[in-house]
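To start, the structure itself, in structure tokens.
Derivation of every value follows stated rules applied to the coordinates shown; laboratory data play no part. Keep in mind the model is a prediction, meaning the values are calculated, not measured. We place every Cβ from the backbone using ideal geometry, glycine too, and count neighbours over all the protein chains shown.
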Amino acid sequence: MATVAEALNLALDHHLSGRLEEARLLYGRIMEVDPDNPHALHFAGLLAAQTGAVADGVAMIGKAAALLPLAADIHGNLGKALMALGTTDGAARAAAAFRCVLALQPDGAGDWFALGGALIEAGDGPAAFRALTRALTASAATDSEPLAEAFERAGLRLYAAADWAGATDAFRKARTLAPQRAEAHRMLGAALAQTGDPEGAVAALTEALRLDPTLAEAQINLVHLLVTLGRFDEAERAGRRAVALDPGNADAYGNMAPLLEQTLRVAEALRQCARATRIAPQRAAFHRNRLSLLLHEGRRDEAVAVGREAIRLAPADAEAHLALAVALLASGQLREGWEEFEWRWETRQLDPVHRSFPQPQWTGAENVAGRTILLYAEQGLGDTLQFVRYAPLLAARGPG
């Protein structure tokens, strides 16, 4: 009669030769005789995962890993099986398995790469970036396409978490590893735009378009950045190309509106806004842009109506509230306009002049008799001259 070891070798031969049913039956018989045989559990678990019974495979390989905690290959295969579950929880558990591998053999580039991939799927962008950086350090490869793609995916996680600096670092590594990947340059451009580096963003997007002139999203992003830099002719050319590349993309039209407004072509800007809104009626930003254009033409009531629609679509959008405030004030609806204007503190508009004090801000409701109030210029000189004339009225309320 064959020993367990001999039976296991025969089962493994069936498995590796593609005789999967014979292998499955023999693994099962071995585990009937020796239910805690870690090798039978390991190989049977691999076969189960290979043939679609992933959860069963995870259970068997997990038991094998518990029985042989120093077997790096078993922990590695457990991680792969957990990834095959296709769930966030499975990815998090896979990351734990790959960490066990690395505790046993810390210099494996492939293991760091596997950990990085698991962490990406688990939603931990910063840890994924660190793991992939270790993979890069441990690897002799300098132009690894899979590693570049992994850095891109980690960068997307960081970008989604508004970690602009982390995303920029990840996309830079992706670009270095695979400089011919247009997407790496495009993603880097998007991240640099968020870090406040429009020149760097334009350079990255321009390179992306050199590598792949059909990247409509890169053209669309380029329009906004070129407008920011005052390069209106280039922005318009990029905008026209974006529309030609992707005529069904609302942003292709929406990004043209601010450009046309800057160059005093308000009627055409309104037409572009209308096209964007028809394609994506739920996008509050397009209504916000239209509001600004309507005010430019003196159509205040229409601007207020459009502003209210933007707020309905995005109740927490501070920029939409601020746009509505401007429309309300322009139309003489001062009480509601000033209330909406308080949303300015939630935008980035006042970042350069925003001053934080430990003392509470005066809302106008508190009694100021016998108290001191600090007044300071918040916005432009015109606003300062407009409102400083009310300072004596406030001072008159102050004597105790």
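Modelled spin-label separation between Glu378 and Ala203, with each label point placed 7 Å from Cα along the Cα-to-Cβ direction: 3.8 nm. Quick one: among Ala267, Ala250, Ala238, which has the greatest mean-square fluctuation in a GNM of the chain with alpha-carbon springs under 10 angstrom? Looking only at Ala267, Ala250, Ala238, the largest GNM fluctuation is found for Ala267. Above 11 Å lies some portion of the pair distances; for the stretch 359-400, what is it as a whole percent of all C-alpha pairs? I get 69 percent for the Cα pairs in the stretch 359-400 exceeding 11 Å. Look at the alpha carbon pairs under 8 Å that are at least 6 residues apart: their mean separation over the length of the chain gives a relative contact order of 5 percent.
Once the convex hull of all Cα atoms in the stretch 1-143 is built, its volume per residue stands at 118 Å³. Take every pair of alpha-carbon atoms less than 8 Å apart whose residues are at least six positions apart; their mean separation over the length of the stretch 282-347 yields a relative contact order of 30 percent. Ala138 label point, 7 Å along Cα→Cβ, cut-off 12 Å on backbone N: hits in the stretch 111-132? From the stretch 111-132, the list is 111-117, 131-132. Judged by the ratio a/c of the largest to the smallest principal axis of the C-alpha gyration tensor, the stretch 282-347 counts as oblate, that ratio being 1.5 or greater while a/b is no larger than b/c.
Farthest toward the positive end of the dipole of the chain, out of Ala66, Ile279, Tyr390, is the Cα of Tyr390, where the dipole comes from beta carbon charges about the Cα centre. Stretching Met31 away from Leu385 to a fully extended chain increases their span by 118.7 nm, per 0.36 nm per residue minus the current alpha-carbon distance.
Extension gain for the segment Leu68 to Trp362, taken as residue separation times 0.36 nm less the Cα-Cα distance, is 99.1 nm to one decimal. Which of rounded, prolate or oblate describes the stretch 246-400 when judged by the alpha-carbon gyration tensor and an a/c cut-off of 1.5? Cα axes put the stretch 246-400 in the prolate bin. With the simple spin-label model, which puts each label point 7 Å out from Cα in the Cβ direction, the Glu336 to Ala396 separation comes to 3.0 nm. Only one of [x] -0.44, -1.08; [y] -0.55, -1.10; [z] -0.33, -1.09 was calculated from the structure for log10 I(q)/I(0) by the Debye sum over Cα atoms at q = 0.07, 0.13 Å⁻¹, and its label is [y].
If you take the alpha carbon atoms of the stretch 135-241 and fit the smallest convex hull around them, that volume is 85 Å³ per residue.
In this structure, Arg308 and Glu145 have a Cβ-Cβ separation that, at R0 = 56 Å, corresponds to a calculated FRET efficiency of about 0.65. Seen against the Cα atoms of the chain and their longest principal axis, helix 54-67 is set at about 70 degrees.
Model label points for Leu329 and Ala369, set 7 angstrom from Cα along the Cα-to-Cβ axis, are 3.1 nm apart. Counted residue by residue at 0.36 nm each, then reduced by the alpha carbon distance between them, the extension gain from Thr347 to Ala280 reaches 21.8 nm. Sorting 382-391, 294-303 by their mean Cβ neighbour count within 10 Å, with the most densely packed peptide first, gives 294-303, 382-391. Ranked by the mean number of other Cβ atoms within 10 Å of their residues, highest first, the peptides 366-379, 13-26 come out as 13-26, 366-379. Diffusion of the stretch 26-82 by Stokes-Einstein, at 20 °C in a medium of 1.002 mPa s and with Rh set to the Kirkwood radius over alpha-carbon pairs, works out to 200 µm²/s.
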